[in-house]
Amino acid sequence: SEVSCEDVDRLGVLGHGNSGVVYQVRHKTTSQVYALKVVHGHSDPLVCRQLLRETDILRRTADCPYIVKCYGIEEKPSGDIAMVMEYMDLGTLDSLCKDLGGTLSEEKVAHVARQVLNGLSYLHANKIVHRDIKPSNLLVNKNLEVKIGDFGVSKIMCPTLDARNSFVGTCAYMSPDRLDPEAHGGDYDAYAGDIWSLGLTVLELYLGHFPLLQPGQRPDWPTLMDAICFADPPRLPEEDGASKEFRSFIQCCLQKEASKRWTASQLLSHPFLAKVLKP
Ligand code: ADP
Ligand code: MG
């Protein structure tokens, strides 16, 4: 059932994003808590286009439990667009991981990986590429469900369109073939780009820092470009104590050549995911 932004009271601000503000809100009659994202749509045509894409994607993914649900989308007379979304009470994986001391155990990382892969395999099967998978776009609730959020730069793949879009999203998590397609096996494979980003995300949650940079290293563009395109892909250090299944999982995601990366559905049967503790 639809929820209108007229039906809710604002409780506070949950976060500021690139495109707008996300509020915590409560339904006036049911008291149910939601997240309300408000984007000033009229100003920038690029933001407008991205937002229409996001709303379209959220409508199509309403039945997937691994994607943040959307309960209503409205365009205000002012041109602002308001989206009522499922409230994820533990916030983003990025901030949650910091609150938990900076790193997650292998079991916790496997739990996260399984849920994000369930979401990605659903999206990819429906010809949707997320393109901005990273810890701050994955949301968690108190049932420890992890869901993919923020479809601001996602794209519905259409065979008649060029698969490569301009630079949007966070370059840091982009695959080598997306940044430099000629040098890394020709055609940029958008679906495999999400798998690279997932590999970096999982490694970051375990190591406690962005894996392509040394802690403290300046995240400037040349350093990043060099690390993504010219260095060997990051791996779990041998001496780290990580299991061989985990090391293998990372290798299956972080292949520089897109065609060598496993797909989301292949990764769902990787032995590393058997590490998830059954409740
Ligand atoms: P942007 O597209 O502008 O990056 P996001 O959708 O990523 O915006 O949201 C910005 C911030 O708002 C997030 O980092 C998070 O802290 C918070 N947030 C977004 N959606 C939710 C939600 N459904 N539940 C709880 N917090 C949320
Ligand atoms: Mg975001």
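Summary of computed values
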read-out: Residue, surrounded by the fewest Cβ atoms within 10 Å (Cβ to Cβ), within segment 209-242, restricted to residues that are under 27 Å from L273 (Cα atoms) and charged (D, E, K, R); value: E239
read-out: Qualifying positions in segment 230-279 - among the β-branched types (V, I, T) and under 18 Å from V129 (Cβ atoms); value: T263
read-out: Residue count for segment 45-58, restricted to those that are surrounded by fewer than 17 Cβ atoms within 10 Å (Cβ to Cβ) and touching a residue at least 60 places away in the same chain (Cβ under 8 Å); value: 1
read-out: Residue check for T55: under 29 Å from G193 (Cβ atoms), away from ligand 2 (no atom under 16 Å from the Cβ) and within 17 Å of the chain's Cα centre (by Cα); value: no
read-out: E182 being in a helix (DSSP H, G or I) and modelled with pLDDT of 85 or more; value: no
read-out: Residues satisfying the stated conditions in segment 72-86, i.e. away from ligand 2 (no atom under 16 Å from the Cβ) and either among the hydrophobic types (A, V, I, L, M, F, W, C) or buried (at least 20 other Cβ atoms within 10 Å of the Cβ) (or both); value: I73, A82, V84
read-out: 2 or more residues touching a Ser or Thr at 6+ places or on another chain (Cβ under 6 Å): qualifying helices (runs of 4 or more DSSP H) within segment 202-279; value: 264-267
read-out: Selected residue (criterion: surrounded by the fewest Cβ atoms within 10 Å (Cβ to Cβ)) from residues of segment 102-133 that are at negative phi and within 13 Å of ligand 1 (Cβ to nearest atom); value: D132
read-out: Given (1) surrounded by fewer than 19 Cβ atoms within 10 Å (Cβ to Cβ); (2) closer than 27 Å to P271 by Cβ, index of the condition D99 fails; value: (2)
read-out: Any chance K127 is in contact with a strand residue (DSSP E or B) (Cβ under 7 Å, 6 or more places away or on another chain) and among the charged types (D, E, K, R); value: yes
read-out: Candidate set from segment 98-136 (those that are at pLDDT 90 or above and hydroxyl-bearing (S, T, Y)); member that is farthest from the chain's Cα centre (by Cα); value: S105
read-out: Failed criterion for V38 (all others in (1) of a type in the set (A, V, I, L, M, F, W, C); (2) outside any strand (DSSP E or B); (3) touching a Gly at 6+ places or on another chain (Cβ under 6 Å); (4) within 13 Å of ligand 1 (Cβ to nearest atom) hold); value: (2)
read-out: Segment 59-75, subset in a loop (DSSP other than H, G, I, E, B) and touching a residue at least 12 places away in the same chain (Cβ under 8 Å), residue nearest to ligand 1 (Cβ to nearest atom); value: V68
read-out: Considering residues of segment 137-158 that are within 11 Å of ligand 1 (Cβ to nearest atom), among the hydrophobic types (A, V, I, L, M, F, W, C) and more than 14 Å from L93 (Cα to Cα) only, the residue modelled with the highest pLDDT; value: F151
read-out: Residue tally, condition at pLDDT below 90 and within 14 Å of ligand 1 (Cβ to nearest atom), over segment 76-97; value: 4
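The values are calculated or read from the model by the stated rules, or taken from the named source; none is laboratory data. For clarity, every value in this text was computed on a predicted model and none was experimentally measured. In this analysis, Cβ positions are derived from the backbone assuming ideal geometry, glycine residues included, and neighbour counts consider all displayed protein chains.
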